[in-house]
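Data block below; observations after.
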Amino acid sequence: MREKLIGPKREQALKALHGWREVEDRDAITKRFVFRDFSEAFGWMTRVALVAERMDHHPEWLNVYKTVEVTLSTHDAGGVTELDAALAKIMDGIAAQVR
Ligand code: HBI
C-alpha cells in the first residue's frame, strides 16, 4: 500500500476517482470540496479526520469558510499510493452523504 503508484496502476487508480487532479509540481492529487456552509464543511472534515486517524493516513487540507482544498500524498513513499486513492474515495463518499 505504501509504494508509489506508477504507470498503468496509477492511471487506473486516478481514473476511478471523481474530480481529483494531479498537482503540478509534486507527486500528489488534489480536489476542492465546496459545501453549503462552514458547519457542513467542518462536519465533513470531522468525519474524514476520524477515518484518516484510523487509517493512519492524513490529508493536507485548507478550510476557508465552506470550501476545503485537499491534497493527498504519502510522505513515506514520496508520492501518491493506494492509501491516497482509498482516502480520496472515502472523502467523496462522505461528501455525498453530508451534502
Ligand atoms: N499521512 N498523508 C500521509 N502520509 C504519510 O506518509 C503518513 C501519514 N500519516 C501518518 C504516517 N504517515 C505515519 O505512518 C508516519 O509515517 C508518520
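If we keep just the residues of the range 1-13 that are open to solvent by less than 40 Å² (accessible area, probe 1.4 Å) and in contact (Cβ under 8 Å) with a residue 40 or more places away in the chain, which is nearest to the chain's Cα centre (by Cα)?
So in the range 1-13, the residues open to solvent by less than 40 Å² (accessible area, probe 1.4 Å) come out as 5, 7, 10, 13.
Retained after the next criterion (residues that are in contact (Cβ under 8 Å) with a residue 40 or more places away in the chain): 5, 10, 13.
Numbers: LEU5: 15, ARG10: 15, ALA13: 13 Å.
Here the residue is ALA13.
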TODO: Scan (1) assigned to a strand (DSSP E or B); (2) among the aliphatic types (A, V, I, L, M); (3) in contact (Cβ under 8 Å) with a residue 60 or more places away in the chain for the single condition MET91 breaks and write down its number.
DONE: (1)
Open item on the list: Anything in the range 50-92 that is more than 12 Å from the ligand (Cβ to nearest atom), within 11 Å of the chain's Cα centre (by Cα) and open to solvent by 30 Å² or more (accessible area, probe 1.4 Å)? List them, or say none.
Closed with: GLU69, LYS89, ILE90, ASP92
Task: Counted residues, the range 20-47 - those being touching a residue at least 24 places away in the same chain (Cβ under 8 Å) and either loosely packed, with under 11 Cβ neighbours inside 10 Å or in contact with a Pro (Cβ under 7 Å, 6 or more places away or on another chain) (or both) - done: 2
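Yes or no: the range 78-85 includes at least one residue that is charged (D, E, K, R) and in a loop (DSSP other than H, G, I, E, B).
Taking the range 78-85 first, the residues charged (D, E, K, R) are 82, 84.
Within this subset, residues satisfying the condition of being in a loop (DSSP other than H, G, I, E, B) are none.
No; the residues of the range 78-85 include none that is charged (D, E, K, R) and in a loop (DSSP other than H, G, I, E, B).
The values are calculated or read from the model by the stated rules, or taken from the named source; none is laboratory data. None of the values given here were measured: they were computed from a predicted structure. Neighbour counts are summed over all protein chains in view; Cβ atoms, including those assigned to glycine, are modelled from backbone coordinates with ideal geometry. These area figures cover heavy atoms from the full protein model, side chains too; ligands, DNA and RNA do not enter into them. Shrake-Rupley method; radii C 1.70, N 1.55, O 1.52, S 1.80 Å.
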